[in-house]
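Data block below; observations after.
The values are calculated or read from the model by the stated rules, or taken from the named source; none is laboratory data. Owing to the predicted nature of the structure, the values given are computational and were not obtained by experimental measurement. Heads up, the Cβs are rebuilt from the backbone with ideal geometry, glycines too, and the neighbour counts pull from every protein chain shown.
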Amino acid sequence: MVGFADDVVGPPGVIQAALTDFAGLVTARLCTLAEGMPGSLRSPVVALANRQGKCLRAMLLGACARLGVAEQSRLVRLGALVELLHLASLLHDDVIDRADTRRGAPAAHVMVGEERAMLAGLACFATAGMEAAAIGSGVDRIVGKAVARLSYGELLDVERAFDTSLAIPDYLELAERKTGELFRLSCMLGAAASGAAEPAIRVVGQFGADFGVAFQILDDCLDFSAQLDGKPTGIDHVMGLFGAPTLCALAADDSGQLAALLLSPEFSHGQLPAVRALVAANGGVATATRLARSRYDQAVGALGVLADSDAGGAVELLVAVTAAFWRARR
């Protein structure tokens, strides 16, 4: 079985091209869904859909569909559905986090106001629900449960603001609900569409959840590196939302300096260099990176039961796709 991302060779050119083509079809379908929204809410969703990222969740769905045989038009609709759910979460996250930019452009709430941006996110959820019902075969039930868990994860994220004593296991649970759940859904929908057996669907679902947690940890680490893909840095700390590197550093900081700084009534962007220095001094980023690697290895290890089956090709592709994104985030 393949190990950590550095040991993975990318998928063959033909398969990579097929996945790229699939992502293009998904983006086109996503834009069509966005264009069909009510006029007052359409513009922020269309703008974000046209700045679509790398369609990671749809790519995972497509890779898991290789566990069996699936109809491409159905996969494209499912891929657009999960990407639409992702857009909804981005619209809401940017309001909650007060992020000014998204993917190198002004965030939706900056352009149309917080109320319209939040309503646009709700419109995305509603459109995704209608699309799930139209696809049929129980997709609406699966998507509904996933959205409920995603929403609870968002609530937990807000409730834990300024909690400098948040334990790492609690953070990991939050990350699985907030981020891992959509990765889990993507993998399960792809596998189910291919006609895969229930045990295989559960296996790739667990892979998606674990990979999503690793992905979230690395995303937190970006706050301590140069700005990437239009992602603003430092905002989470001002809002009291502490990611894995900060939480790891807080746990290791016997002096209490970092907690005192983060909870200071005068804390602002001007103190971010001091935060970064204290997080570095307490090994926060290094510890978080090791934690992410461990969770990624756990995700890959979960696929071991499929390696000797007819699904071996799908497993290799799934690992290669996630490894490529993993390397890009490091």
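Structural remarks
- Subset of segment 140-166 (residues that are small (Gly, Ala, Ser), free of Cβ contacts under 8 Å to residues at least 60 places away in the same chain and loosely packed, with under 13 Cβ neighbours inside 10 Å): ALA148
- Candidates are the residues of segment 52-64 that are in contact with a Ser or Thr (Cβ under 7 Å, 6 or more places away or on another chain) and modelled with pLDDT under 90; the one that is surrounded by the most Cβ atoms within 10 Å (Cβ to Cβ) is CYS55.
- Test: ALA302 is part of a helix (DSSP H, G or I) and modelled with pLDDT of 90 or more: no
- Scanning segment 65-78 for residues that are touching a residue at least 24 places away in the same chain (Cβ under 8 Å) and either among the hydroxyl-bearing types (Ser, Thr, Tyr) or in contact with a Ser or Thr (Cβ under 8 Å, 6 or more places away or on another chain) (or both) gives ALA65, ARG66, LEU67, GLY68, VAL69, ALA70.
- Taking segment 66-139 as the region of interest, the helices (runs of 4 or more DSSP H) fully inside it that hold 3 or more residues being surrounded by 15 or more Cβ atoms within 10 Å (Cβ to Cβ), modelled with pLDDT of 85 or more and within 20 Å of the chain's Cα centre (by Cα) are 72-97, 114-135.
Quick grid of which residues meet (1) more than 25 Å from ILE168 (Cβ to Cβ); (2) not in a loop (DSSP other than H, G, I, E, B):
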{"site": "THR179", "(1), (2)": "no, yes"}
{"site": "LEU258", "(1), (2)": "no, yes"}
{"site": "SER264", "(1), (2)": "no, no"}
{"site": "GLY270", "(1), (2)": "yes, yes"}
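- Filter result for ARG149 (modelled with pLDDT of 85 or more, farther than 21 Å from ALA23 by Cα and touching a helix residue (DSSP H, G or I) at 6+ places or on another chain (Cβ under 7 Å)): yes
Table: residues versus (1) modelled with pLDDT of 95 or more; (2) surrounded by 14 or more Cβ atoms within 10 Å (Cβ to Cβ); (3) more than 20 Å from ASP219 (Cα to Cα).
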residue: THR233; (1), (2), (3): no, yes, no
residue: LEU241; (1), (2), (3): no, yes, no
residue: PRO245; (1), (2), (3): yes, yes, no
residue: LEU250; (1), (2), (3): yes, yes, no
residue: ASP253; (1), (2), (3): yes, yes, yes
residue: PRO265; (1), (2), (3): no, no, yes
residue: SER268; (1), (2), (3): no, no, yes
residue: VAL275; (1), (2), (3): no, yes, no
residue: GLY284; (1), (2), (3): yes, yes, no
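- Condition check for ASP229: modelled with pLDDT under 85, among the charged types (D, E, K, R) and touching a Gly at 6+ places or on another chain (Cβ under 9 Å): yes
- Here segment 179-201 is the region considered, the condition is being within 21 Å of GLN216 (Cα to Cα) and free of Cβ contacts under 8 Å to residues at least 60 places away in the same chain, and the residue that is farthest from the chain's Cα centre (by Cα) is ARG184.
- Boolean, GLY36 is of a type outside the set (Phe, Trp, Tyr), over 22 Å from GLY190 (Cα atoms) and modelled with pLDDT of 85 or more: yes
- For segment 24-32, the condition holds for at least one residue, the condition being that it is at pLDDT below 90 and either within 21 Å of the chain's Cα centre (by Cα) or surrounded by fewer than 22 Cβ atoms within 10 Å (Cβ to Cβ) (or both).
- Which numbered condition SER186 fails, given (1) buried (at least 16 other Cβ atoms within 10 Å of the Cβ); (2) small (Gly, Ala, Ser); (3) at pLDDT below 95: (3)
- Test: residue in segment 205-221 that is without any contact (Cβ under 8 Å) to a residue 12 or more places away in the chain and of a type outside the set (S, T, N, Q): no
- Test: residue in segment 170-178 that is under 19 Å from ASP93 (Cβ atoms) and surrounded by fewer than 16 Cβ atoms within 10 Å (Cβ to Cβ): yes
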